[in-house]
Amino acid sequence: MYVEHNLSIHKKHVKSFPGVTSTLEKLKANGIKLGLVTSKRRHTAIVGLEIAGIQSIFDALVFCDDTIKHKPDPAPILK
(Lines give C-alpha, C1' and ligand atoms only; values in the text may rest on other atoms or scores of the structure.)
Protein backbone atom coordinates (compact mmCIF):
# COMPACT_ATOMS: atom_id res chain seq x y z
CA MET A 1 0.00 0.00 0.00
CA TYR A 2 2.85 2.41 0.89
CA VAL A 3 4.72 1.76 -2.36
CA GLU A 4 1.60 2.32 -4.47
CA HIS A 5 0.79 5.56 -2.66
CA ASN A 6 4.39 6.78 -2.84
CA LEU A 7 4.58 6.18 -6.60
CA SER A 8 1.19 7.81 -7.17
CA ILE A 9 2.38 11.12 -5.68
CA HIS A 10 5.93 11.13 -7.09
CA LYS A 11 5.18 13.27 -10.15
CA LYS A 12 3.53 15.90 -7.97
CA HIS A 13 6.21 16.11 -5.28
CA VAL A 14 9.58 14.97 -6.64
CA LYS A 15 11.87 17.66 -8.03
CA SER A 16 15.51 18.66 -7.86
CA PHE A 17 16.65 21.37 -5.52
CA PRO A 18 17.67 24.53 -7.40
CA GLY A 19 21.15 24.21 -8.88
CA VAL A 20 21.51 20.45 -8.39
CA THR A 21 21.03 19.42 -12.01
CA SER A 22 23.38 22.09 -13.38
CA THR A 23 26.00 21.21 -10.75
CA LEU A 24 25.82 17.51 -11.61
CA GLU A 25 26.06 18.32 -15.31
CA LYS A 26 29.14 20.52 -14.75
CA LEU A 27 30.83 17.81 -12.69
CA LYS A 28 30.09 15.23 -15.39
CA ALA A 29 31.34 17.55 -18.15
CA ASN A 30 34.61 17.92 -16.23
CA GLY A 31 35.15 14.16 -16.20
CA ILE A 32 34.05 13.51 -12.62
CA LYS A 33 32.52 10.06 -12.14
CA LEU A 34 29.22 10.33 -10.30
CA GLY A 35 27.50 7.72 -8.17
CA LEU A 36 24.29 7.66 -6.21
CA VAL A 37 23.67 5.48 -3.17
CA THR A 38 20.13 5.48 -1.80
CA SER A 39 18.10 3.53 0.71
CA LYS A 40 15.15 3.65 -1.70
CA ARG A 41 14.05 0.63 -3.69
CA ARG A 42 15.36 0.53 -7.27
CA HIS A 43 12.01 1.06 -9.01
CA THR A 44 10.93 3.97 -6.80
CA ALA A 45 14.31 5.69 -6.98
CA ILE A 46 14.49 5.37 -10.77
CA VAL A 47 11.04 6.92 -11.12
CA GLY A 48 12.23 9.87 -9.03
CA LEU A 49 15.48 10.21 -10.98
CA GLU A 50 13.56 10.16 -14.28
CA ILE A 51 11.11 12.80 -13.04
CA ALA A 52 14.03 15.00 -11.98
CA GLY A 53 15.75 14.32 -15.32
CA ILE A 54 19.03 13.22 -13.76
CA GLN A 55 19.16 9.43 -14.12
CA SER A 56 21.54 9.46 -17.09
CA ILE A 57 24.05 11.69 -15.29
CA PHE A 58 25.19 8.96 -12.90
CA ASP A 59 27.86 6.39 -13.71
CA ALA A 60 26.83 4.13 -10.84
CA LEU A 61 23.57 3.63 -8.98
CA VAL A 62 23.19 1.55 -5.81
CA PHE A 63 19.76 0.91 -4.33
CA CYS A 64 18.64 -0.82 -1.14
CA ASP A 65 17.88 -3.96 -3.19
CA ASP A 66 21.55 -4.19 -4.20
CA THR A 67 23.01 -5.02 -0.78
CA ILE A 68 22.05 -7.23 2.13
CA LYS A 69 23.21 -4.72 4.72
CA HIS A 70 22.07 -1.10 4.70
CA LYS A 71 23.12 2.15 6.27
CA PRO A 72 24.72 2.87 8.55
CA ASP A 73 26.64 -0.23 7.38
CA PRO A 74 29.15 0.74 4.65
CA ALA A 75 28.08 -2.08 2.27
CA PRO A 76 26.14 0.18 -0.15
CA ILE A 77 29.03 2.67 -0.47
CA LEU A 78 31.57 -0.11 -0.86
CA LYS A 79 29.51 -1.66 -3.66
**Report entry** Rough spin-label spacing in nm, given labels placed 7 Å along Cα→Cβ, for residue 75 and residue 39
**Finding:** 1.4 nm
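Could you compute the net charge surrounding residue 67? Neighbours are other residues with a C-beta less than 9 Å from the C-beta of residue 67; K and R count +1, D and E count -1.
Numbers: positive: 69, 79; negative: 65, 66, 73.
Summing Lys and Arg as +1 and Asp and Glu as -1 gives -1.
In Å², and per residue, what accessible area does the chain have when probed at 1.4 Å with the other protein chains present? Spell out each step's value before the answer.
Details: 5980 Å² over 79 residues.
With the other protein chains kept in place, the chain gives 76 Å² per residue.
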Report task. Give the long-range amide H neighbours of residue 36: residues separated by 5 or more places, or on another chain, with amide H under 5 Å away, using H modelled in the peptide plane at 1.01 Å from N. Result -> 60, 61, 62
Report summary line: Whole-Hz Karplus couplings 3J(HN,Hα) for the range 14-30, θ = phi - 60° and coefficients 6.51, -1.76, 1.60, Gly and Pro as x, run 8, 7, 6, 5, x, x, 5, 4, 5, 5, 4, 5, 5, 4, 4, 5, 8
Query - Charge dipole (the chain, unit charges on Cβ, about Cα centre) - positive-most of 20, 78, 67 - result: 20
Query raised in the report: Of all chymotrypsin sites (Phe, Trp or Tyr not before Pro) in the chain, which ones are in loop regions per DSSP and have a Cβ with at most 15 other Cβ atoms within 10 Å?
Result: 58
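Can you give the helix-only mean residue ellipticity at 222 nm for the chain, where every DSSP H stretch with n ≥ 4 adds -39500 (n - 2.57) and the sum goes over all residues, rounded to the nearest 500 deg cm²/dmol? Write down the numbers at each step before the final one.
Details: 4 runs with 37 residues, N = 79.
Rounded to the nearest 500, it is -13500 deg cm²/dmol.
The values are calculated or read from the model by the stated rules, or taken from the named source; none is laboratory data. These figures come from a predicted structure and were not determined experimentally. Here Cβ is always computed from backbone atoms with ideal geometry, including for glycine, and neighbour counts include all displayed protein chains. Surface accessibility is based on the protein's heavy atoms, side chains included, excluding ligands, DNA and RNA. Shrake-Rupley method; radii C 1.70, N 1.55, O 1.52, S 1.80 Å.
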